[in-house]
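Colleague: Mind looking over this structure? Questions follow.
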Amino acid sequence: MKSKRLLVPYVAWMLVFTLIPLGVVVYFAFTDAATGRFTLENLSDLGVYLPIFLRSIFLSLISAGICLLIGYPVAYTIAQAPVKRQRFLSMLVMLPMCMSFLLRTLAWVAMLEDTGIINSVVTALGLEPLPLIRTNGAVILGMVYNYLPYMITPLYTVMMKIDHRLVEAAQDLGCDSTQVFTKVILPLSVPGIVSGITMVFVPAVSTFYISQKLGSTGTTMIGDVIESQFKTAYNPNLGAALSLVMMILIFVCIGFMNRFSDDDEEGVVTP
């Protein structure tokens, strides 16, 4: 009975801050702005934004992939370090998160813009300024920089719990360093990989500030469109429909990744 009472704050929180807002989004997505009547017109208009949806998914997947390539060796290095050094290195990973998200993004604007720090050095060398900003690459760079800790943290958490006796057993059976990594460490770290990709992909696919500051009209993402529907176009019904589709897309991706992770966890690691 006491355990059920402990659930009351959580249930109330989920009701007020999750279910009710979600219900409001669903209501606006399926109603007309003028009359408030039920309509599917908002959803029928979403085909116009299909290229933007695809671009958002494409850039987010690339960002998640780059975060994985950078974050995996970083997480592995931290997990192999002594305990005291692990705490210090983990603090360094999380330190940028103590700074405002807006300031971190604006710092890259100051570095990449046509008259920014990097191009000032380039022009001082007598070269032409580089097109560093208002490109897909700049948007990806901003997302990788801001969301990289979301990849490193779950990877480090999983790697830290890997039983070192499995590594020793693989070495005793004649495995070299490459085989130990591919047959022991990598399979056991798959849950961290899946969690990291999910934690990077979800905020990246719905981001809007990074693409606004580092991108251009050619790098518009679905988060920019949703924001414009609420703040500029004053069409909350279409914005709610876009948000609803985005939520469904995210849930589908999370469900797929979790199922992939569960399948790997059921397997047996055999050096």
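Colleague: Contour minus end-to-end for V16 and L61, with contour as 0.36 nm per residue of separation and end-to-end as the Cα-Cα distance?
Modeller: Full extension of this stretch gives 13.0 nm more.
Colleague: Please report the net charge: other residues with Cβ closer than 13 Å to the Cβ of I133, K and R +1, D and E -1.
Modeller: 0
Colleague: Go through the range 59-137 and name the trypsin sites (Lys or Arg not before Pro) that are in a DSSP coil and have 10 or fewer other Cβ atoms within 10 Å of their Cβ.
Modeller: none
Colleague: Could I have the simple spin-label model distance between T232 and F256, label points 7 Å from Cα toward Cβ, reported in nm to one decimal?
Modeller: A separation of 3.0 nm, rounded to one decimal place.
Colleague: Between the range 100-156 and the range 178-200, what is the C-alpha centre distance in whole Å?
Modeller: 28 Å
Colleague: I need two numbers for the chain: Rg to one decimal and Dmax as a whole number, Cα atoms only, in Å.
Modeller: 22.7, 76
Colleague: Looking only at the range 232-259, which residues have a backbone nitrogen under 15 Å from a spot 7 Å from the Cα of Y27 in the C-beta direction?
Modeller: Residues 236-237, 240-241 qualify, since their backbone N sits under 15 Å from the label point.
Colleague: Please give me the summed charge of the neighbours of D172: other residues whose Cβ is under 15 Å from its Cβ, Lys and Arg +1, Asp and Glu -1.
Modeller: -1
Colleague: Can you tell me the dipole magnitude for the chain around its Cα centre, using point charges on the Cβ only (Lys, Arg +1; Asp, Glu -1), in Debye to the nearest 20?
Modeller: With only Lys, Arg, Asp and Glu charged at Cβ, the dipole is about 880 debye.
Colleague: So which trypsin sites (Lys or Arg not before Pro) in the range 138-192 are both in a DSSP loop and have at most 12 other Cβ atoms within 10 Å of their Cβ?
Modeller: Within the range 138-192, the qualifying trypsin sites (Lys or Arg not before Pro) (loop, at most 12 other Cβ atoms within 10 Å) are K161.
Colleague: Would you calculate, for the chain, the mean residue ellipticity at 222 nm contributed by helices, counting each DSSP H stretch of 4 or more residues as -39,500 (n - 2.57) and dividing by all residues, to the nearest 500?
Modeller: -22500 deg cm²/dmol
Where a number appears in this text, it was derived from the coordinates with a stated rule and is not lab data. Because the structure is a prediction, the values reported are computed rather than measured. Backbone-built Cβ (ideal geometry, glycine too); neighbour counts: all protein chains shown.
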